[in-house]
């Protein structure tokens with residue numbers, strides 16, 4: 001039997017081969033010579049010694065407040081990353097209304113570092129919302145305001161591992 005010739009088939013194979021070869025070629029990425037500093041922020045609830053609490057009366061139940069998932073942690077001030085500061089701690093007191101919105105926020109304790117850390121904390125916590133604290137008595141549910149202190153600790157994690165792909169061999 002003879003071969004059947006399909007017009008353009010040979011050209012299609014050539015184009016496919018050229019496309020595969022081009023896909024394997026890549027532009028070399030220059031190697032990274034320095035590692036960027038990454039800032040991290042840890043959050044903890046602080047119980048001040050003079051904290052006041054609602055007292056549970058007979059027949060009452062309380063459902064604890066819950067922070068919303070959308071609440072964002074403060075951002076390490078980008079302009080301060082290159083200063084390679086040690087850990088910085090900021091304690092903020094927030095007053096949350098019965099609606100679950102932050103009504104007031106203030107810094108109550110801060111390390112003697114740059115005020116940009118306190119500003120970052122306040123900018124974040126003022127946007128926070130909560131599922132409100134609730135008191136249940138019989139069939140009645142009453143949302144309640146509350147005050148809570150949070151400690152934010154800013155740290156840097158230097159030397160983040162970087163994988164460089166496509167770098168030329170030998171330098």
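Laboratory data are not the source of any read-out in this text; all were calculated from the coordinates shown. From a predicted model like this one, the values you see are computed outputs, not experimental measurements. Ideal geometry is used to build each Cβ from the backbone, glycine not excepted, and the neighbour counts take in all protein chains shown.
Estimated at 0.36 nm per residue, the fully extended path between residue 79 and residue 64 surpasses their Cα-Cα distance by 1.6 nm. Scaling against 2.2 N^0.38 Å puts the C-alpha radius of gyration of the stretch 101-141 at 1.75.
Ordering 62, 152 from the fewest to the most neighbouring beta carbons within 10 Å gives 62, 152.
With R₀ set to 25 Å, the beta-carbon distance separating residue 54 from residue 127 gives a calculated FRET efficiency near 0.45. For 101, 149, 50, 82, the sequence from fewest to most other C-beta atoms within 10 Å is 50, 82, 101, 149. Ranked by how many other Cβ atoms sit within 10 Å of their own Cβ, fewest first, the residues 99, 89 fall in the order 99, 89.
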